[in-house]
1. So, of the residues in region 147-170 that are part of a helix (DSSP H, G or I) and either touching a residue at least 60 places away in the same chain (Cβ under 8 Å) or of a type in the set (D, E) (or both), which turns out to be farthest from I121 (Cα to Cα)?
2. Residues that are at pLDDT below 85 and surrounded by 13 or more Cβ atoms within 10 Å (Cβ to Cβ), at least 3 per element: which helices (runs of 4 or more DSSP H) completely within region 18-116 meet that?
3. Among the residues of region 171-205 satisfying the criterion of being in a helix (DSSP H, G or I) and small (G, A, S), which is nearest to A82 (Cα to Cα)?
4. How many residues does region 156-204 contain that are loosely packed, with under 15 Cβ neighbours inside 10 Å and closer than 29 Å to V44 by Cβ?
5. All but one of (1) at pLDDT 85 or above; (2) in contact with an Asp or Glu (Cβ under 7 Å, 6 or more places away or on another chain); (3) farther than 18 Å from M34 by Cβ hold for F200; state the number of the condition that does not hold.
6. May I ask you to verify whether M119 is without any contact (Cβ under 8 Å) to a residue 24 or more places away in the chain and within 19 Å of F80 (Cβ to Cβ)?
Amino acid sequence: MSIDSGVLPGKSSRLDGLLDWMQMLSGAGLILFMWAHMLLVASVIVSPDWMNAIAHFFEATGMAQVGGPLIFLLFLTHFFLAARKLPFRLEGQKTIWSHAKMMRHGDTWLWIVQAVSAMIILLMGSIHMWVVLTDLPITAAKSAARIQGGFWFVFYMILLPLTELHVGIGFYRIGVKWGFITDDRRGMFKKRENFLTLAFIVIGFAALLRFMFLSIAQ
């Protein structure tokens, strides 16, 4: 028997398993980061001074200058790991779409939503991180000025719900794939995850509105 790739099946399976673990771990890390990031940004709702103090802490300790690029690298790594299973050709996309409609399986539709949102987040998220990391230090007034420009308000109104939806679905799918969520608990977990996703979206929108009406003099 000849193997064109020159890789034994056992080694290929172990590599796929390793890449799956790396995808799961990178995804879990980004989920935790996004939740923490949302709460830190939302501190502006309570007080711009709170947000400024938190941002100053991360910058004074070098965490923003070092951690920001590392998060961006993790972001790109996770996308490339996940992209292994995405159909980029039109024929594959049509097949996935027809199968989803035929099976009417909820988790299949969640995967499609996550795959589509990933493409948009890759572009918009990269733009967001580039703009923020090349314009340090982060301040509430600087963020407010950007949001009040108009374009960025609409930009984040699109990016925010897509990101939280992607994160929520990813959290659920990690639990299902790696056995943390059993079949009998899927319904209950979906309801709780939907509530958590909605809560973060509401918090994010509240922060955007706070920036929109924040005095630039702050």
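The values are calculated or read from the model by the stated rules, or taken from the named source; none is laboratory data. Computed from a predicted model, the values in this text were never measured in an experiment. When we count neighbours, we look across all protein chains shown, and the Cβ atoms used for this are built from the backbone with ideal geometry, even at glycine.
1. Let us first name the residues in region 147-170 that are part of a helix (DSSP H, G or I), namely 147, 151-170.
Those still in the list that are either touching a residue at least 60 places away in the same chain (Cβ under 8 Å) or of a type in the set (D, E) (or both) too: 147, 163-164, 167, 170.
Working: I147: 19, T163: 7, E164: 10, V167: 11, G170: 13 Å.
Top of the filtered list is I147.
2. Values: elements: 43-46, 48-60, 63-82, 90-103.
Correct list: 63-82, 90-103.
3. So in region 171-205, the residues in a helix (DSSP H, G or I) come out as 171-177, 183-205.
Right, trim to small (G, A, S) and you get 175, 187, 199, 204.
Numbers: G175: 16, G187: 25, A199: 26, G204: 26 Å.
Out of the qualifying residues, it is G175.
4. Looking only at region 156-204, we keep the residues that are loosely packed, with under 15 Cβ neighbours inside 10 Å, and these are 157-158, 177-180, 182-185, 187-188, 191-192, 194-195, 198-199, 202.
Right, trim to closer than 29 Å to V44 by Cβ and you get 157-158, 192, 194-195, 198-199, 202.
Going through region 156-204 one residue at a time, the tally reaches 8.
5. (3)
6. Working: without any contact (Cβ under 8 Å) to a residue 24 or more places away in the chain: yes; within 19 Å of F80 (Cβ to Cβ): yes.
It is true that M119 is without any contact (Cβ under 8 Å) to a residue 24 or more places away in the chain and within 19 Å of F80 (Cβ to Cβ).
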